[in-house]
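The values are calculated or read from the model by the stated rules, or taken from the named source; none is laboratory data. Bear in mind the structure is a predicted one, so any value in this text is a computation, not a measurement. All Cβ positions, even for glycine, are placed from backbone atoms using ideal geometry, and neighbour counts span all protein chains on display.
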Amino acid sequence: MMRVLIFTEGGSRIGLGHISRCSSLYDELEARRIEVEFIIYGDINENEIIQNKRSKVTNWFSKEFLNQYIKKSDYCIVDSYLASEDLYRVISNRAKECLFIDDNARVKYPKGIIVNPSLFTNAVMYPKNDHSCFLLGHKYIILRRPFIQVKRETLKTKVTEVLITLGGSDIHNLTPVILDLFVSKYPNITFHVVLGNAFNNAIQIKKINSKNMNFYENATAEEMKNIMLKSDLAITAAGQTIYELMATQTPFIPIKVIDNQKNNIEGLKKLRLIETDLYYKDPLFKDKLIVKFEKMLDFCKRKEFSSKNKNVIDGLGTKRIIDALTQGEVMKDYFYLRDIKEEDIREVFNLSNEDYVRQYSINTQKISWEEHVNWFENIMKSKDNVFYVVTDCTNQFLGQLRYKIENRSAIVSISLCKSITGKGLSNQFLIESIKRISNERNELKKVIAFVSDKNIASKKLFEKAGFLLNENNNGMLKYIYSINKGE
């Protein structure tokens, strides 16, 4: 029987974000009737998140423990800011398959699946290798089950309820600071204050005497969802909670309380949900928070905020991650080739401008949007260009293969999103696309690929697919694949 072990950490000093997002993976595995167990480092024994879940609270940062506990048939998930690179290698060597959740390329990961479930991953540089696959970006954001595909019915014109949530531990004691700024000043607003199990200052906060405050201790995921849906605005740490607020279309003011939340902040800027950072160490933190709060009291501002984040997170991130882990090497049946569509224009543009794609292109310069639109329109109209797109079962754009027809030859170019590189799937897509285009274009006799001699991965790809080196023109290699073996 398949068993999955989830290694993570959490507690009063290190927060509960990792355990919270891993609990969603746990629930998805359990729903599939797969045996799963939490292995947790930290002071977490009585926490609501792991109630009714199989768990072991122990110091798993030991090679002896890992070698003893992990079976060769186990699948492992690791979500840690504390584990060393050596421990990752032990887990990878012991387990049948590994999945590592990462936010900032903290270590050089061994063989496995690396997941960065974030709004913004462009600033995170992962090493290129042939033994890892990468699931990056908002398509892999993890939501707890109650937050999947939630719809807010209305957004009130006037702010009457505000949620304040600073994570599971509020490590900088910001909750009383925020209450002091707003509770007495806005007596007609009810403030919903969420206190995590790891709060060291819960008793102090509850002593604040005001009729317009409600306290919630150790709220369940379902309770948090309901609080968010009835709140007109939230003040929150910029961690995992912002995804749940986005899922409920709740306008919010994010505060960066730890440095590893910087990518979330950058993602919010990219979505134009915020313009400037709000960092707890800023000497003007209080003044800036007041300004942001007063701006968000405006209905138009909140409506615009809610509208922008409405479709960013589709709730399928957990499913995609567990599919990747459990299907392993048979994931070839999970991907599809289809013809290009007009709505693919933005995804093609984004992929074509990725640094790792432009690096080995004939034209290494970035492409402007205007140039791309003209090029894409011509491609769609042209009979001499055949364009395939790689997708998964959710129709997520994952890559592209383009053929330019010249007489009886087709010049191929291929580029895949980082999320599926390293799986060994490029060869599959290339061969499948050649079969497809040769059936569609009976006149074709050969496929040509031009590859930089510095692009080792592409050289290996085309040689493995049966392409033969034809010539080397000043470092630009010409490979030829004969469709007709008699050619």
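Go through the stretch 197-211 residue by residue and tally those that are touching a strand residue (DSSP E or B) at 6+ places or on another chain (Cβ under 8 Å) and under 22 Å from L245 (Cα atoms). Count: 2.
Only one of the numbered conditions (1) assigned to a loop (DSSP other than H, G, I, E, B); (2) of a type outside the set (S, T, N, Q); (3) closer than 25 Å to L143 by Cα; (4) under 25 Å from the mean Cα position of the chain (by Cα) is not met by I44, and that is (4).
Of the residues making up the stretch 261-289, those that are among the β-branched types (V, I, T) and surrounded by 14 or more Cβ atoms within 10 Å (Cβ to Cβ) are I265, I274. So for the stretch 207-219 (the condition being in a helix (DSSP H, G or I), over 23 Å from N260 (Cα atoms) and assigned by TED's automatic domain parsing to the domain that holds E294), does at least one residue qualify? The answer is no, given that none of the residues of the stretch 207-219 is in a helix (DSSP H, G or I), over 23 Å from N260 (Cα atoms) and assigned by TED's automatic domain parsing to the domain that holds E294. Residues that are in a helix (DSSP H, G or I) and aliphatic (A, V, I, L, M) within the stretch 243-298 comprise L245, M246, A247, I265, L268, L289, I290, V291, M296, listed in sequence order. All of Q249, Q240 fail the test of being on the phi > 0 side of the Ramachandran plot and either out of contact with any strand residue (DSSP E or B) (no Cβ under 9 Å at 6 or more places or on another chain) or surrounded by fewer than 14 Cβ atoms within 10 Å (Cβ to Cβ) (or both), apart from Q249.
Give the number of residues within the stretch 140-157 that are among the charged types (D, E, K, R) and in contact with a helix residue (DSSP H, G or I) (Cβ under 7 Å, 6 or more places away or on another chain). Result for the stretch 140-157: 3. Taking the stretch 97-124 as the range and being part of a loop (DSSP other than H, G, I, E, B), of a type in the set (D, E, K, R) and in contact (Cβ under 8 Å) with a residue 40 or more places away in the chain as the test, only D103 passes. Do you know which of the residues in the stretch 158-205 that are over 27 Å from K303 (Cα atoms) and of a type in the set (G, A, S) is modelled with the lowest pLDDT? Here the residue is A198. The lone criterion from (1) assigned to a helix (DSSP H, G or I); (2) more than 20 Å from the chain's Cα centre (by Cα) left unmet by S169 is number (1). Can you find a residue that is surrounded by fewer than 14 Cβ atoms within 10 Å (Cβ to Cβ), over 24 Å from R320 (Cα atoms) and charged (D, E, K, R) anywhere in the stretch 427-441? So far as the stretch 427-441 goes, yes, one or more of its residues are surrounded by fewer than 14 Cβ atoms within 10 Å (Cβ to Cβ), over 24 Å from R320 (Cα atoms) and charged (D, E, K, R).
Residues that are modelled with pLDDT under 85, crowded, with 23+ Cβ neighbours inside 10 Å and part of a loop (DSSP other than H, G, I, E, B) within the stretch 1-33 comprise just one, L16. Please go through the stretch 227-242 and pick out each residue that is part of a strand (DSSP E or B) and out of contact with any Ser or Thr (no Cβ under 6 Å at 6 or more places or on another chain). If the condition is that a residue be part of a strand (DSSP E or B) and out of contact with any Ser or Thr (no Cβ under 6 Å at 6 or more places or on another chain), then L233, I235, A237 are the ones that fit. Report whether or not D232 is surrounded by 20 or more Cβ atoms within 10 Å (Cβ to Cβ), of a type in the set (D, E, K, R) and either assigned by TED's automatic domain parsing to the domain that holds L163 or closer than 19 Å to N122 by Cα (or both). Judged against the criteria, D232 is a match.
Residues of the stretch 4-41 that are more than 24 Å from the chain's Cα centre (by Cα) and farther than 21 Å from S169 by Cβ: R33, E35.
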